[in-house]
Amino acid sequence: MRAAVCRAYGPPESIAVEGDYPAPGLSEGQLRVRVRAAAVNFPDVLFMANQYQMSVPVPFIPGSEFAGVITEVGEAAPPQFAVGDRVMGTTMVGAFAEEVVAVPRSLSPIPAGVSDESAAAFGVAHRTAYHALRTIAAAAPGERLVVLGAGGGVGLAAVQLGAVLGLDVTAVASSDEKLAVAAACGAARGINHKRTPLRAALKEALTDGSDVVIDPVGGELAEPALRSLRWAGRFVSIGYASGTIPRIPLNLVLLKGCKVLGFQLRDLSAHEPAAVRRDEEELRGLLADGKAMPHIGATFTLPEAAAALRHVADGKAVGKVILTID
Ligand SMILES: NC(=O)c1ccc[n+]([C@@H]2O[C@H](COP(=O)([O-])OP(=O)(O)OC[C@H]3O[C@@H](n4cnc5c(N)ncnc54)[C@H](OP(=O)(O)O)[C@@H]3O)[C@@H](O)[C@H]2O)c1
């Protein structure tokens, strides 16, 4: 099969498309999917550089989110899927290829009317953002939400879903282009942190403070965002796209009476199974209704995998970046 393969750890440019890479074997209970589109995410860059929390031995095919059609059902696979079904799904690696195998619990049907590209773009970012708002922060309509990295995959999803949940959204990003997209996705206001010091800008924009902060960036932006919280506000740490894990003085938490929270999507259903089921059902409804449609900022073809990874690595992605596999 055709696949984008990482044979030696390194920068995005070390990926190469091969025409005769062996298709993955199908184990008991698994399904084979002909991939039509895959999303490119920051962790793909980290896996390739061998800088992710865990290591994948080379050679491997990056790519964790995909959409396509089921072409084979393994023995003893549960009956909910059949050959020909359109599905979207997640895997740790392997999606930048014509074929991927997956277990049924990592797949879900693509609602009618949703394109392969949108389905591939939908998975991790929207689920992470929705769980963060709905379950972790327990955000209520009318609350004031601050989203860092608001032009990125998780951030833009948080902007869109925050607006859908009736929150007043302040988007924080590094460019006016990203802020314009965030505004189109429902942000009430935007702050370009390259132009204005974030602490002062948030103080001016939200005189009574914020209720919830969603932070997929970390680094220098985390502390001024946390300082914007009102009493009993919630700060949700999602990731460290800046490359720096922030160290926040604990006295700020004491003085503000705020809550600092965090979670990993892959662990959440083990700890909060009922809430995750509720969130996922609500989110599927929002996707089917067109209210939670991911913003696709750039589309590349499989032979352009290195350029797609570079786009994400350089922080240029606005919303989601997609690889089409056909
Ligand atoms: N906890 C979880 O379960 C979970 C789930 C999904 C993702 N994550 C993590 O969340 C983080 C964001 O994911 P994402 O998909 O939203 O990423 P993304 O689409 O690449 O967006 C990341 C944002 O971070 C900002 N940024 C600042 N410095 C950067 C740098 N040096 N390189 C790249 N971006 C930089 C950029 O915003 P501005 O420059 O505009 O500020 C960019 O828009 C990642 O660390 C990812 O691993 C965690």
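The values are calculated or read from the model by the stated rules, or taken from the named source; none is laboratory data. Nothing here was measured: the structure is a model prediction, and the numbers come from that model. Note that each Cβ is placed from the backbone with ideal geometry, even for glycine, and that neighbours are counted across all protein chains shown. Please note that ligands, DNA and RNA were not included when accessible areas were found on the heavy atoms of the full protein model with its side chains. Shrake-Rupley method; radii C 1.70, N 1.55, O 1.52, S 1.80 Å.
Solvent exposure of the range 122-243, expressed per residue, is 36 Å² of accessible area, with all protein chains present and a 1.4 angstrom probe. The alpha carbons of the chain stretch over 58, 39, 33 Å along the principal axes, in descending order. Summary of the geometry: the range 260-323 and the range 114-183, compared by the centres of their Cα atoms, lie 10 Å apart. Shape class for the range 183-269: rounded, because the ratio a/c of the largest to smallest gyration tensor axis (alpha-carbon atoms, square roots of eigenvalues) is under 1.5. For the range 258-275, the Karplus equation 6.51 cos²θ - 1.76 cosθ + 1.60, evaluated at θ = phi - 60°, returns couplings of 9, 10, 9, 10, x, 6, 10, 3, 5, 9, 5, 5, 6, 9, 10, x, 5, 5 Hz by residue, with Gly and Pro reported as x.
Residues K259, K320, K178, ordered by accessible area of protein heavy atoms at a 1.4 angstrom probe radius and largest first, appear as K259, K178, K320. Each principal axis of the Cα cloud of the range 56-211 was taken in turn, and the coordinate range along them, longest first, works out to 60, 35, 27 Å. Rounded to the nearest 500, the helix-only mean residue ellipticity at 222 nm of the chain stands at -8500 deg cm²/dmol, with each DSSP H run of n ≥ 4 adding -39,500 (n - 2.57).
Scalar couplings 3J(HN,Hα) for the range 69-75, obtained by applying the Karplus form with A = 6.51, B = -1.76, C = 1.60 to θ = phi - 60°, are 10, 5, 10, 7, 10, x, 4 Hz; x denotes Gly and Pro.
In this structure the amide hydrogen of I191, modeled in the peptide plane, comes within under 5 Å of the amide hydrogens of A171, V172, A173, none closer than 5 places in sequence on its chain.
Evaluated at q = 0.14, 0.16, 0.24 Å⁻¹, a Debye calculation over the C-alpha positions of the range 252-313 (equal weights, vacuum) places log10 I(q)/I(0) at -0.81, -0.91, -0.94.
Other residues lying with their Cβ under 13 Å from the Cβ of G243 contribute a combined charge of -2, Lys and Arg counting +1, Asp and Glu -1.
Residues whose amide H lies under 5 Å from that of E72, counting only those 5 or more places away or on a different chain, are R32; hydrogens are built 1.01 Å from N in the peptide plane. The residue among A102, P303, V181 whose Cα reaches farthest toward the positive pole of the charge dipole of the chain, with charges on the beta-carbon of Lys, Arg, Asp and Glu, is V181.
Taking GluC sites (Glu not before Pro) in DSSP loop conformation with at most 10 other Cβ atoms inside 10 Å as exposed sites, the chain has its longest uninterrupted site-free stretch at 76-326. Is the shape of the range 226-275 best called rounded, prolate or oblate, per the rule: a/c under 1.5 gives rounded, else a/b larger than b/c gives prolate, else oblate, with a ≥ b ≥ c the square roots of the Cα gyration tensor eigenvalues? Oblate, because a/c is 1.5 or more while a/b does not exceed b/c.
Of the trypsin sites (Lys or Arg not before Pro) in the range 1-33, the ones in a loop by DSSP (not H, G, I, E or B) with at most 12 other beta carbons within 10 Å are R7. Amide H contacts of T244: G219, each under 5 Å away and 5 or more positions distant or on a separate chain (H built 1.01 Å from N in the peptide plane; Pro and chain starts excluded).
The aspartates and glutamates whose alpha-carbon is closer than 14 Å to the alpha-carbon of K194, local same-chain residues fewer than 8 away aside, are D176, E177, E220. Given a 1.4 Å probe and the protein chains as shown, M92 ends up with an accessible area of around 90 Å². Set the bar at 28 Å for Cα to Cα. Now go through K256/K320; K291/K320; K178/K256; K203/K259; K178/K203; K259/K316 and name every pair that lies beyond it. In this structure, K256/K320; K178/K256; K259/K316 exceed 28 Å between Cα atoms.
Count Lys and Arg as plus one, Asp and Glu as minus one, and take only other residues whose Cβ is under 14 Å from that of R105; the net charge is then +2. Other residues with beta-carbon under 14 Å from the beta-carbon of A307 carry, at +1 per Lys or Arg and -1 per Asp or Glu, a net charge of -2. The phi-based Karplus calculation (6.51 cos²θ - 1.76 cosθ + 1.60; θ = phi - 60°) puts the 3J(HN,Hα) values of the range 32-37 at 9, 10, 7, 6, 9, 8 Hz, whole numbers, x for Gly and Pro.
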